[in-house]
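A quick write-up on the structure given underneath.
The values are calculated or read from the model by the stated rules, or taken from the named source; none is laboratory data. Everything quoted here is computed from the prediction, not taken from an experiment. Here the Cβ is made from the backbone with ideal geometry for all residues, glycine too, and neighbour counts use every protein chain on show. We work out accessible area using only protein heavy atoms, side chains counted, and drop any ligands, DNA or RNA first. Shrake-Rupley method; radii C 1.70, N 1.55, O 1.52, S 1.80 Å.
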Amino acid sequence: MVITVIGAGTMGSAVVSALAQKTEVSHIHVCDARPGALQTLQNQLHTHKIRTHELDARHLSQLKPLLFASRVVVNCIASEMSPVLAQLAIEEGVHFCDLGGYRSAVERVMELDESAKTAGVWVVPNCGLAPGLVNILCMHGMNKFDKVESAYLRAGTIPLAPNPPLNFASFFSAEKLIEEYTEPAFSLEGGEVVMQTPLTSVEPIHFTEPFGELESFYVSGVLAQMAPRMVGKVQKLDFKAIRYPHHARQMSFLMALGFAEKRMIDVGTHLTYRDVLTRRIRKRMGGDVKDAVLLRVVINGIKDGKERSLVYQLREDYDEAKGGSAVKHCMGASVAAVATILGRGAVSGAGVATPEFVLPPDLYLQDLATYGLLPEATWYEGFQNVNLAFS
């Protein structure tokens, strides 16, 4: 199986590393306009499977020969490129997937459904951690109930050793972080779609030591595609990001001052307030920080005539043996699992859909397990509170 990965940056390198571990993947074409990023990738991954190509993804004519020889193309650069690259993949008869997260870009990708069906290929956006893994776990769990009352999704990446006063780090994309904190968040209330304001509805959420009490709050992007399709099927559905306490209040203060606005600061500069905030986040919150991924999905419903709950949990810590960063490991494994499942031809049909509505979830979880990612699933009698610590 030959797979093409667009982008050799933080997430692209994680996806390539995960794909290289698959015996069924024979070659990985990696494309990036930056020779330094390609060289760094080669220095990190000593494998004969990688073929690097110094090219700009906007030059579609240069990409075509690579896609023609591939089974799947994976976008790991700016989400705004996904609609263009997905269209190219469809034209070349190649499956496509990406990290996703940006609602506007995903919505443009979704418009390619008829073209993908005609070409007989799958286009699957939102294959990372959240959206991605957390959505697939939720759908997997909901299918085990006779009736679902509520589903609560929580996930976040936090520093293992918080550094006051911010106690946070931007692990891969300052732009995506700001998008999550400014765009409306989709949820279901009473079985209907409700738009929530990001950084609101802050709740304490408890995890076992060393974390203790953290906080969760609404952010955008994770349920934008899932919530509308679950109308009438579940009464309550929401997603909240996990952070150390007071993060939502700190970021709300910056947003209230207008630092996320796309308005130019003055006539003497082309910079917007958002540009400045993005640069400061990269400067003050960037870098190589040891991290942890925390994930919890709680589904309450009726099974065999009784009120029961299914709780999924995953904790992944920074681990040098797995390549370091926990979020890179989780996202790389998730995207690689989707790409290889598509490449095997294990998904019947064709079209455009997010992974929770396309992938065989058991097959996806089996693939995750090969990377040492094993979400723990536990059944409980009665309905459970997502904010409580589960041992």
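Listed values, structure above:
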| item | result |
| --- | --- |
| Cα gyration tensor, the range 320-360 - rounded (a/c under 1.5), prolate or oblate | prolate |
| Amide H partners (placed H, <5 Å) of residue 52, local residues excluded | 30 |
| Pairs from 64/117; 144/236; 49/328; 64/262; 49/117; 176/283 whose Cα-Cα separation, in the structure shown, is over 25 Å | 64/262; 49/117 |
| Nearest-20 debye value, the chain charge dipole, Cβ charges on Lys, Arg, Asp, Glu | 420 |
| Solvent exposure ordering (accessible area, 1.4 Å, most first) of 30, 289 | 289, 30 |
| Under the span-like rule (Cα at least 24 Å along the axis, Kyte-Doolittle mean at least 1.6), DSSP H helices of the chain | none |
| Sulfur and carbon atoms: percent of accessible area, the range 204-340 [1.4 Å] | 52 |
| Ranked order, 370, 10 - accessible area, probe 1.4 Å, largest first | 370, 10 |
| Residue 189 accessible area, assembled protein chains, probe 1.4 Å, Å² | 70 |
| Candidate residues 157, 23: accessible-area rank, largest first, probe 1.4 Å | 23, 157 |
| Calculated [θ] (222 nm, deg cm²/dmol) that DSSP helices of n ≥ 4 give over the chain, each run adding -39,500 (n - 2.57) | -9500 deg cm²/dmol |
| Percentage relative contact order, the chain, counting C-alpha pairs under 8 Å, at least six apart | 20 |
| Accessible area per residue in Å² at 1.4 Å probe, computed on the chain | 42 |
| Share antiparallel - DSSP beta bridges, the chain, percent rounded to 5 | 60 |
| Accessible area of residue 114 in the full protein assembly, 1.4 Å probe (Å², nearest 10) | 120 |
| Percent RCO, i.e. relative contact order, over the range 24-98, from Cα pairs under 8 Å lying at least 6 residues apart | 26 |
| Residues of type aspartates and glutamates that residue 306 reaches as a straight line, Cα spacing below 20 Å, ignoring anything fewer than 8 places off in the same chain | 146, 149, 381 |
| Counted charge near residue 153, where neighbours are those whose Cβ lies closer than 10 Å (Asp, Glu -1; Lys, Arg +1) | +2 |
| For residue 127, residues with placed amide H under 5 Å, excluding near neighbours | 98, 99, 100 |
